[in-house]
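Reading through the C-alpha cells given below for one structure.
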Amino acid sequence: RVISGAIHFKTAQTQNYWAGLVQEYVAWLQDRRGVQLINVKPGIAITSVSFSPTTLGVGQLLNVSITARNDSDLTLATQGPDPGFVYDEGDDFASRGFPAAAGNYRVGVEFTNRTGVDHPYRWGFGTPLAPGETRTITGAIRLKTAQSQEYWAGLVQEYIAWLQDQQGKQNISVS
C-alpha cells in the first residue's frame with residue numbers, strides 16, 4: 001500500500017529527511033529509508049496585519065491592512081480585486097466577480113462562526129510582487145450584522161495551498 005501525505009514547511013532550511021516504519025509503543029521496525037536532502041527556500045510571508053476600528057457600528061467599514069513580503073527569487077503573479085476594494089458583508093470574491101485563477105497569490109480575511117468558502121474576502125497585490133519587495137494591501141468590509149467575533153488574515157496561492165493562516169487574529173465588535 002502506498003501511504004502519502006504532506007508537510008507544510010514554515011522555515012527556510014536545507015536538511016535531510018527520511019521515512020521510517022513504527023509499531024506504536026513497541027519499536028521502530030525500519031528507519032532512514034529514502035534519505036533525501038530537501039532545500040526549503042524563502043518564500044512569501046505576511047509580516048503584519050491590522051484591523052480597524054475593532055469596535056464599530058452596523059453599516060460601518062472594517063478597514064483591513066495586510067503587509068506581505070516576497071523573499072523568494074520569483075515574481076509572484078496576482079489577480080483582483082486590487083487593494084482598496086470594499087466588500088459588503090455576505091459577499092465574497094467570487095460573487096463580486098473575482099473567481100480564483102490557478103497559481104495567483106492573494107491575501108484573504110476569514111472570521112469565526114462561518115460556513116462556506118474559505119477566506120471570502122480576498123485582495124490581490126495590485127501588480128505582481130517582485131523578489132525582495134514588501135507591499136501593504138488594504139481593503140475594507142462593510143459589516144451589516146451586530147456581532148462580536150474574531151477576524152484574521154491568510155495568504156493563498158490559488159488552488160495550491162494556504163501558505164499562512166490565522167495571522168493577526170483580532171476580536172471585532174459590531175453593535
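How large is Rg/Rh for segment 39-83, to two decimals, with Cα atoms and a Kirkwood Rh?
On the way: Rg = 15.2 Å, Rh = 13.3 Å.
Reported Rg/Rh (Cα atoms, Kirkwood Rh): 1.15.
For the chain, build the charge dipole from Cβ charges (+1 Lys, Arg; -1 Asp, Glu) around the Cα centre, then report which of Ala45, Tyr121, His8 sits farthest towards its positive end.
Of Ala45, Tyr121, His8, it is His8.
Taking 0.36 nm per intervening residue step and subtracting the Cα-Cα distance, what contour gain separates Asp88 from Ala130 on full extension?
Details: separation 42, 0.36 × 42 = 15.12 nm, distance 3.06 nm.
Contour length minus Cα-Cα distance gives 12.1 nm.
In Å, what Rg and Dmax follow from the Cα atoms of segment 13-149?
20.5, 61
With springs connecting C-alpha atoms under 10 Å apart, model the chain as a Gaussian network and identify which of Val40, Val109, Val64 has the largest mean-square fluctuation.
Of the options given, Val40 has the highest mean-square fluctuation.
Which chymotrypsin sites (Phe, Trp or Tyr not before Pro) does segment 72-175 hold that lie in a coil by DSSP with at most 14 other beta carbons within 10 Å? Provide the component values of the computation, followed by the final result.
Details: sites: Phe85, Tyr87, Phe93, Tyr105, Phe111, Tyr121, Trp123, Phe125, Tyr151, Trp152, Tyr159, Trp162; in loops: Phe85, Phe93, Phe125, Tyr159.
Passing sites in segment 72-175 are Tyr159.
Which longest uninterrupted range of the chain lacks any trypsin sites (Lys or Arg not before Pro) assigned by DSSP to a loop state (not H, G, I, E or B) and surrounded by at most 13 other Cβ atoms within 10 Å?
Working: sites that count: Arg1, Lys10, Arg114, Lys144.
The answer is 11-113.
For segment 87-175, take the convex hull of the Cα atoms, compute a quarter of its surface area, and give me that in nm², please.
On the way: hull surface 24.4 nm².
The number I arrive at for segment 87-175 is 6.1 nm².
In segment 96-162, which GluC sites (Glu not before Pro) fall in coil by DSSP and have 16 or fewer other Cβ atoms within 10 Å? Before the final figure, lay out the partial values.
On the way: sites: Glu110, Glu133, Glu150, Glu158; in loops: Glu133, Glu158.
Those satisfying the criteria are Glu133.
Taking the chain as a Gaussian network, Cα atoms linked when under 10 Å apart, which of Leu37, Leu61, Leu143 shows the biggest mean-square fluctuation?
Judging by the Gaussian network model, the answer is Leu37.
Could you tell me which of Phe98, Gln149, Gly168 has its Cα farthest along the dipole of segment 59-175 towards the positive end, charges placed at Cβ (Lys, Arg +1; Asp, Glu -1), taken about the Cα centre?
Highest projection toward the positive end goes to Gln149.
Using the heavy atoms of the protein chains alone and a 1.4 angstrom probe, what is the accessible area of the chain per residue in square angstrom? Display every interim value, and only then the final one.
Details: 9930 Å² over 175 residues.
Per-residue value: 57 Å².
Say we join alpha carbon atoms closer than 10 Å with springs in a Gaussian network model of the chain; which of Ala161, Ala130, Ala140 then has the biggest fluctuation?
Ala161
The values are calculated or read from the model by the stated rules, or taken from the named source; none is laboratory data. Note that this is a predicted model, so its numbers are computed, not measured. Please note: Cβ atoms are built from the backbone with ideal geometry, for glycine as well, and neighbour counts cover all protein chains shown. For the accessible areas, the whole protein counts, side chains as well, though only heavy atoms, and no ligand, DNA or RNA atoms are used. Shrake-Rupley method; radii C 1.70, N 1.55, O 1.52, S 1.80 Å.
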